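Each reported figure results from applying straightforward, stated rules to the coordinates on display, with no laboratory input. Computed from a prediction, not measured in an experiment: that's the story for all the values here.
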Amino acid sequence: MADHQPGFSTIDDYIELFSGDIKERLVTLRAVIHAAAPAASEKISYQMPTFYLEGNLVHFATFDHHIGFYPAPSGIAAFRSELTPYKWAKGSVQFPHEQPLPLDLIRRIVFFRARENQTLAAEKKARRRN
């Protein structure tokens with residue numbers, strides 16, 4: 001099942017589109033993201049579940065054979081060596097459904113992205129004051 005189905009406006013709605021193992025994986029992924037970035041808010045952006053903290057933090061979406069995880073190009077670049085077991089591109093990585101989610105890696109990527117977004121937002125505020 002692909003992520004671009006109509007009929008969802010929240011992450012809860014999105015997760016409810018799925019059942020069984022896929023739903024469990026999404027619930028777990030969401031919990032790991034929340035734990036790594038507790039101040040982040042949730043929204044739907046680009047028709048995908050999105051966590052927002054001083055800008056888009058990470059997105060995710062379920063497809064037929066994988067969960068797509070989108071931590072921006074910086075999130076991929078910072079963890080490139082640890083992502084080699086997975087199919088990845090400039091701003092995305094695919095976690096196959098038949099493999100366990102790399103929860104510690106996901107947690108560390110989200111934490112990295114949260115710090116990055118907060119640092120960039122602080123720098124932007126400082127520039128506006130000067």
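Below are the figures for this structure:
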item	result
Segment T119-A35, length gained on full extension (0.36 nm per residue, minus Cα span)	28.3 nm
Column: log10 I(q)/I(0), Debye, Cα scatterers of the chain, q = 0.10, 0.20 Å⁻¹	-0.31, -1.17
Per residue Cα convex hull volume in Å³ - calculated over the range 45-95	73
Extended-chain gain in nm, criterion 0.36 nm per residue less alpha-carbon gap, S45 and H65	5.0 nm
